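Below you will find the structure I want to go over with you.
The values are calculated or read from the model by the stated rules, or taken from the named source; none is laboratory data. What you see is a predicted model; the values in this text were computed from it and never measured. No Cβ is skipped: glycine too gets one built from the backbone with ideal geometry, and neighbour counts run over all protein chains shown. Side chains are part of the model used for accessible areas, which takes the heavy atoms of the whole protein and leaves out ligands, DNA and RNA. Shrake-Rupley method; radii C 1.70, N 1.55, O 1.52, S 1.80 Å.
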Amino acid sequence: EKAVWDIRSALSSARYKALFEGTSYRIRFSAVAYAVDKFDEGKNAWVLAERRYCEGVTLESNNSPVFTPEGSVTGLATIYIKNTWGTYKITLAITGRIKSVRVV
């Protein structure tokens, strides 16, 4: 549950930063961590803003969502967080709504 909370917080934070700072944010997932990237218009490239490891769980995502300054999300994602106690699914809607449910 800690990893679910952490990822939900990162998604919400990226959305608000994109709105308030006027630049895009992206979240990339690997099997044990996620990274938050900020788009640098001067370099025309994504720059790593933060990397977080999720201990005791494995992560699986079908996409890397990008939060735009307009408040929308591209690259909608479904993220699975798994460990021996069960699986949670986090879904991200185009409106930025984040929903998490316990699957198993």
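Tell me, what ³J(HN,Hα) does each residue in region 57-70 have, in order and in whole Hz, if you take phi through Karplus 6.51 cos²θ - 1.76 cosθ + 1.60 with θ = phi - 60° and put x for Gly and Pro?
Each residue of region 57-70 in turn: 9, 10, 10, 9, 9, 8, 6, 10, x, 10, 9, 9, x, 7 Hz.
Then there is this: Give me the one-decimal nm value for the distance between modelled label points at N83 and S9, 7 Å along each residue's Cα-to-Cβ direction.
Rounded to a tenth, the inter-label distance reads 1.5 nm.
Shifting gears a bit: Which lysines, on any chain, are close to K82 with Cα under 22 Å apart, when same-chain ones fewer than 8 places away are left out?
Here the lysines satisfying the reach criterion relative to K82 are K2, K99.
For helix 2-21, report the angle its Cα long axis makes with the longest principal axis of the Cα atoms of the chain; keep it between 0 and 90° and round to the nearest 10°.
Once rounded, one gets 10 degrees.
I need the phi-derived Karplus couplings for region 86-91: 6.51 cos²θ - 1.76 cosθ + 1.60, θ = phi - 60°, integer Hz, Gly and Pro marked x.
My calculation for region 86-91 gives x, 10, 10, 10, 10, 10 Hz in order.
Quick check: at a probe of 1.4 Å, how many percent of the accessible area of region 1-51 sits on carbon and sulfur atoms?
Values: 1530 of 3010 Å².
Answer for region 1-51 is 51 percent, counting heavy atoms of protein chains only.
Not counting ligands, DNA or RNA, and with a 1.4 Å probe, what is Y16's accessible surface area in Å² rounded to the nearest 10?
110 Å²
Near K38, which aspartates and glutamates are there with a Cα under 17 Å away, not counting those fewer than 8 places off in the same chain?
Partners found: E21, E50, E70.
Which value, in debye to the nearest 20, gives the size of the charge dipole of the chain about its Cα centre, when Lys and Arg are +1 and Asp and Glu are -1 at the Cβ? Walk me through the intermediate numbers first.
Working: 15 positive and 10 negative charges, 59 e Å.
It comes to approximately 280 debye.
Taking the simple approach of a point 7 Å from Cα along Cα-to-Cβ for both A31 and K99, what is their distance in nm?
3.0 nm
Would you work out the relative contact order for region 1-53, in percent, from Cα pairs under 8 angstrom that are 6 or more residues apart? Could the numbers behind the result be given before it?
Working: 63 pairs, mean separation 12.2, N = 53.
Dividing the mean separation by the residue count of region 1-53 yields 23 percent.
Now, a different point. Tell me the per residue accessible area of the chain using a 1.4 Å probe; a whole number in Å² is fine.
Working: 6150 Å² over 104 residues.
Solvent-accessible surface per residue comes out at 59 Å².
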